[in-house]
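Have a look at the structure below before the remarks.
The values are calculated or read from the model by the stated rules, or taken from the named source; none is laboratory data. As the structure is a prediction and not an experimental result, all values here were calculated from the model. We place every Cβ from the backbone using ideal geometry, glycine too, and count neighbours over all the protein chains shown. Only protein heavy atoms, including side chains, enter the accessible area calculation; ligands, DNA and RNA are left aside. Shrake-Rupley method; radii C 1.70, N 1.55, O 1.52, S 1.80 Å.
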Amino acid sequence: MGTDGDTPDLAEQKMRFLFALRSRGVTDGRVLNAMERIDRGMFVRGVFAERAYEDTPLPIACGQTISQPSVVGLMTQALEVRPRDTVLEVGTGSGYQAAILSCLCRRVYTVDRHRRLVNEAEAVFRALNLSNITAQVADGSRGLPDQAPFDRILVTAAAEDPPNPLLAQLKIGGIMVVPVGQSDAVQNLIRVVRTERGFTYDEMRAVRFVPLVEGLGSD
Ligand code: SAH
């Protein structure tokens, strides 16, 4: 609702949001369109909701974080998602990244070790009518063998190394983007391409993600 003064404020915040994305290197038109379409405010709760359009990570339930929008944009861009692709995301969190991916491909499988996060994200997917996302509780370090192989894999929690099961579940020609490093030290965003002969690895940039933890969470 809001008063007359609120509406232009929100529009301006959203304009600045898109401007910040572009100035930080998110230039792919399809990615920018998806990020314009999906309202990040739907994925952030309580006192942090008013900061949804700032280019900053924010706390969500279960001690986790929704990633910084420009990092979401850069990771999505690096994944080069095509319209017919099946994508696996490890680390549903708020569901924001999965929602962006869902605008760009045929189907998104997203997994999180916390049931509460999966349930809350599913409710937002329903509210936004995003029917091509399947969210489930699973230890994503093992991938999702029943649905493998995947055209693209996006990991949004930091692993010490790209997990072998995920490498094995990537199609030939497939791309995986994964933050690699110790959780409390510098992590690097790595782009892995599976070729006929093996894997090529490219370092993209330094990032900071919550750690990839094995096993399921208690909530
Ligand atoms: N992509 C999210 C942010 C992810 S935060 C978003 O758009 O909001 C990282 C998430 O990875 C957390 O929710 C955490 O619970 C999850 N996670 C950590 N280890 C995991 C594992 N082994 N399997 C599945 N999810 C995991």
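When you filter the GluC sites (Glu not before Pro) in segment 167-219 for DSSP loop state and at most 14 other Cβ atoms inside 10 Å of their Cβ, you are left with Glu196, Glu214.
By DSSP, the beta bridges lying fully in segment 8-207 are antiparallel in about 45 percent of cases.
Please name whichever of Pro211, Pro59, Val71 sits farthest to the positive end of the charge dipole of the chain, dipole taken about the Cα centre and charges placed at Cβ: Lys and Arg +1, Asp and Glu -1. Going by the Cα projections, it comes out as Val71.
Given a cut-off of under 8 Å on Cα pairs at least six residues apart, what relative contact order in percent is computed for segment 1-99?
27 percent
Extending 7 Å from Cα along the Cβ direction at Gln182 and again at Glu214 yields two label points whose distance is 1.9 nm.
Within the chain, what whole-number % of the accessible surface is contributed by carbon and sulfur, with the 1.4 Å probe and all protein chains included in the calculation? Heavy-atom surface of the chain belonging to carbon and sulfur, 1.4 Å probe: 48 percent. Apply the Debye scattering formula to segment 8-207, with a single equal point scatterer on each alpha-carbon and no solvent, then give log10 I(q)/I(0) at q = 0.18 Å⁻¹. The computed values of log10 I(q)/I(0) come out as -1.32.
The helix-only estimate of mean residue ellipticity at 222 nm for the chain, built from DSSP H runs of length n ≥ 4 each weighted as -39500 (n - 2.57), is -8500 deg cm²/dmol after division by the residue total. The residue among Phe199, Ala185, Ala135 whose Cα reaches farthest toward the positive pole of the charge dipole of segment 116-219, with charges on the beta-carbon of Lys, Arg, Asp and Glu, is Phe199.
Summing Lys and Arg as +1 and Asp and Glu as -1 over all other residues whose Cβ lies under 10 Å from the Cβ of Pro69 gives a net charge of 0. Near Val177, within a Cβ-to-Cβ distance under 14 Å, what is the net charge of the other residues, with Lys and Arg +1 and Asp and Glu -1? Charge balance near Val177 sits at -3.
Note: relative contact order over segment 149-197, using C-alpha pairs below 8 Å and six or more positions apart, is 39 percent. Put a plus charge on the Cβ of each Lys and Arg, a minus charge on the Cβ of each Asp and Glu, and nothing anywhere else: the dipole of the chain about its Cα centre is then about 540 debye. Taking every protein chain into account, the accessible area of the chain amounts to 50 square angstrom per residue (probe 1.4 Å). Only Lys, Arg, Asp and Glu carry charge here, each on its Cβ (+1 for the first two, -1 for the last two); on that basis segment 170-209 has a dipole of about 140 debye about its Cα centre. In the chain, Cα pairs under 8 Å separated by at least six residues give a relative contact order of 15 percent.
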